Number of protein chains: 2
Amino acid sequence: MDAPRRQPTLDEVAERAGVSRSAASRVINNAPHVSRAKREAVRRAVDDLGYVPNATARALATQQVGAVVLAISGDDPAMFADPFFAEVVVGVNSVLEETDLELMLSLATSTRGQARLEQLLRTHQADGVMLMSLHGDDPLAALADRASVPVVFGGRPLNFEPRYYVDADNRGGARLATEHLVKAGRRKIATITGRLDEGAGMARLQGFQDALAVAGLDSSLIDHGDFSEDGGSLAMSRLLERTPDLDAVFIASDQMAVGALRTLAQSGRSVPADVAIVGFNDLPSARHTVPPLTTINQPIHALGREMARMLLSLMSGDHPSPLILPTRLVLRDSA
Amino acid sequence: MDAPRRQPTLDEVAERAGVSRSAASRVINNAPHVSRAKREAVRRAVDDLGYVPNATARALATQQVGAVVLAISGDDPAMFADPFFAEVVVGVNSVLEETDLELMLSLATSTRGQARLEQLLRTHQADGVMLMSLHGDDPLAALADRASVPVVFGGRPLNFEPRYYVDADNRGGARLATEHLVKAGRRKIATITGRLDEGAGMARLQGFQDALAVAGLDSSLIDHGDFSEDGGSLAMSRLLERTPDLDAVFIASDQMAVGALRTLAQSGRSVPADVAIVGFNDLPSARHTVPPLTTINQPIHALGREMARMLLSLMSGDHPSPLILPTRLVLRDSA
DNA sequence: TTGAAAGCGCTAACAT
DNA sequence: ATGTTAGCGCTTTCAA
């Protein structure tokens with residue numbers, strides 16, 4: 001917007017340095033077969049002219065875009081506000097930072113967004129894709145899995161096992177949480193689930209049922225939230241109405257647990273004396289609820305990091321194995 | 001990864017349709033000067049072949065990348081975990097979605113990240129940049145403001161007035177908050193500031209001082225947080241130690257307010273009876289603290305949206321005016 | 001309305 | 001070690 005002066009081109013650098021364009025190109029990509037003298041001449045010319053390679057031209061010539069995309073599928077743009085994603089992004093960024101790849105973000109939450117993502121998948125606008133939080137049995141899953149660019153899934157969609165994915169051990173974590181409740185002597189254990197059209201939501205419900213089946217306890221005390229705070233609060237009310245004497249709840253996300261805690265307090269019940277609570281995610285805020293929340297830690301940052309690593313590996317021609325990241329129980333005061 | 005079949009090129013489409021490449025190109029960009037017959041022939045060929053234009057080639061020819069970047073500067077990658085940014089992203093996305101522009105995310109939080117952002121600014125790897133949360137007097141500010149691609153600032157950095165920015169009325173909001181405290185009859189009013197090396201942090205402190213100066217009250221009860229929950233908690237402790245009889249605190253972010261509320265409860269003080277609290281940001285969680293937090297609402301989604309709009313306007317050759325978005329007091333129970 | 005041809009700026013295979 | 005040459009796939013004058 002200031003000086004409308006064009007960026008210098010490689011040819012200009014070559015001319016200035018008194019060498020051929022290919023020599024200049026070699027120097028810039030530090031390829032071999034260039035004499036010391038020319039090498040330095042080119043370097044000087046680059047500095048003098050302030051030359052920077054044109055990324056687009058390079059991309060066209062090499063057939064490599066130099067960018068990967070993190071796509072969040074879903075039906076609600078606001079979903080991205082979940083702190084979960086922010087941490088995934090930070091994890092992804094931490095490994096991309098070591099490379100020359102840029103990160104594109106695709107919030108495929110509207111019809112238009114979905115269409116753009118599909119197109120992106122087909123047009124090689126990026127060298128690789130990380131795809132998260134597919135809902136229902138989104139046709140995108142199959143499409144992505146056989147796209148012409150490498151795709152890594154974050155979490156497993158329902159009814160579909162992608163070739164390359166990294167997921168947290170949601171089922172194991174839920175089981176851990178529920179077992180803890182059982183061991184503590186609780187007998188009327190309920191659960192508030194997340195969205196059951198998501199792999200994670202369903203897996204956590206299954207883990208809950210696994211544990212109760214083993215313990216020989218009733219596992220039909222179920223209500224549904226949507227991972228949000230208000231959803232948790234509402235679900236807790238319904239549960240309390242149906243089963244006033246429940247003595248524990250496994251809640252599939254910390255946000256919902258915060259809501260449930262609120263409802264429990266309003267109903268005059270004390271936690272954990274009357275009702276024990278275990279959440280899921282171990283968000284920073286879980287530390288500061290009243291009482292502090294016992295929850296399942298899920299390595300979110302690592303999830304992002306490993307997705308990016310797996311994508312890199314795929315892009316370099318390897319065939320990495322799917323990864324399931326461990327979850328663990330974090331004991332605080334609510335159970 | 002499945003069929004290694006190349007995407008069809010424009011030439012192939014043209015051949016199939018029995019027209020020249022330029023005719024095909026015109027059809028695809030729905031340019032005029034193509035007969036109805038040819039137009040349809042090309043359309044058919046496109047469908048048959050599943051042709052999709054190669055974005056990179058187009059970018060090279062048009063000198064337009066088709067992507068803009070949202071850059072978050074700073075010294076800590078984890079900073080992005082602030083829910084604030086997620087909402088900005090959603091706002092930005094909402095307007096980009098209507099265009100054909102992709103969004104790149106640049107977390108310029110390490111030295112390496114900063115360097116990459118600078119490079120990106122110079123190499124025209126994107127058609128425009130939105131730059132947020134510059135700390136201190138980051139040299140990036142001046143650099144960006146005269147970069148060869150359009151740049152919109154989100155918030156104003158310290159000591160530097162960018163040409164194009166959108167900001168929230170932080171100073172006005174802080175003043176509103178403090179005035180509310182004054183009107184409520186409070187007389188020993190303290191503040192917990194955010195980072196003072198950020199424009200927003202400083203502006204909120206000034207607003208606080210503005211209000212107290214007008215009211216003729218002491219405005220030296222100041223302690224510093226870093227916008228984080230723990231920072232708020234610590235600052236509150238120090239404040240209480242120094243001035244046990246303070247009767248109100250304006251706190252420059254809701255996260256810090258949550259921490260302060262905790263400290264206040266531990267010290268046996270009741271809110272708002274003993275100490276009135278006003279926060280800033282109006283995060284969703286402010287609704288659910290105990291007591292619910294009176295705070296300053298800042299239109300974060302709109303901030304993102306307007307940044308994107310301004311950038312678009314700039315990219316189309318206009319010279320939009322800077323924008324300051326209004327903030328407003330949200331009354332709940334803490335003051 | 002149509003098509004030929006000249007780029008956009010870079011890389012890479014090939015010949016020297 | 002070095003330079004020549006032919007692309008990468010699209011847009012866009014320009015002349016017909």
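Here is the figure for the range B:143-189: residues that are away from chain A (no Cβ under 14 Å) and in contact (Cβ under 8 Å) with a residue 12 or more places away in the chain total 30. One residue alone among B:GLY18, B:GLY50 is loosely packed, with under 13 Cβ neighbours inside 10 Å, away from chain A (no Cβ under 12 Å) and in contact (Cβ under 8 Å) with a residue 12 or more places away in the chain, and that residue is B:GLY18. One residue alone among A:ALA37, A:ALA78 is within 13 Å of DNA strand D (Cβ to nearest atom) and without any contact (Cβ under 8 Å) to a residue 12 or more places away in the chain, and that residue is A:ALA37.
When residues in the range A:86-117 are screened for being touching a residue at least 24 places away in the same chain (Cβ under 8 Å) and more than 7 Å from every other protein chain (Cβ to nearest Cβ), 13 of them pass.
Being modelled with pLDDT of 90 or more, among the small types (Gly, Ala, Ser) and at positive phi is the filter here; which residues of the range B:52-111 pass it? Scanning the range B:52-111 gives a single hit, B:GLY66.
Yes/no per residue for (1) within 29 Å of B:ASP75 (Cα to Cα); (2) not acidic (Asp, Glu):
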position	(1), (2)
B:ARG171	yes, yes
B:ILE189	no, yes
B:ASP197	yes, no
B:LEU205	yes, yes
B:LEU212	no, yes
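Could we say that A:LEU143 is assigned by TED's automatic domain parsing to the domain that holds A:GLU306 and closer than 18 Å to A:MET307 by Cα here? No. All conditions but one from (1) crowded, with 17+ Cβ neighbours inside 10 Å; (2) farther than 20 Å from B:PHE80 by Cβ; (3) touching a Ser or Thr at 6+ places or on another chain (Cβ under 8 Å); (4) not aliphatic (A, V, I, L, M) apply to B:PRO291; the one that does not is (1). Scoring B:ILE192 on the criteria (1) among the β-branched types (Val, Ile, Thr); (2) surrounded by 24 or more Cβ atoms within 10 Å (Cβ to Cβ); (3) facing chain A (nearest Cβ under 9 Å) leaves a single failure, condition (3).
Among the helices (runs of 4 or more DSSP H) confined to the range B:228-315, the ones with at least 3 residues that are of a type in the set (S, T, N, Q) and either on the phi > 0 side of the Ramachandran plot or within 14 Å of chain A (Cβ to nearest Cβ) (or both) are located at B:254-266.
The values are calculated or read from the model by the stated rules, or taken from the named source; none is laboratory data. Bear in mind the structure is a predicted one, so any value in this text is a computation, not a measurement. Heads up, the Cβs are rebuilt from the backbone with ideal geometry, glycines too, and the neighbour counts pull from every protein chain shown.
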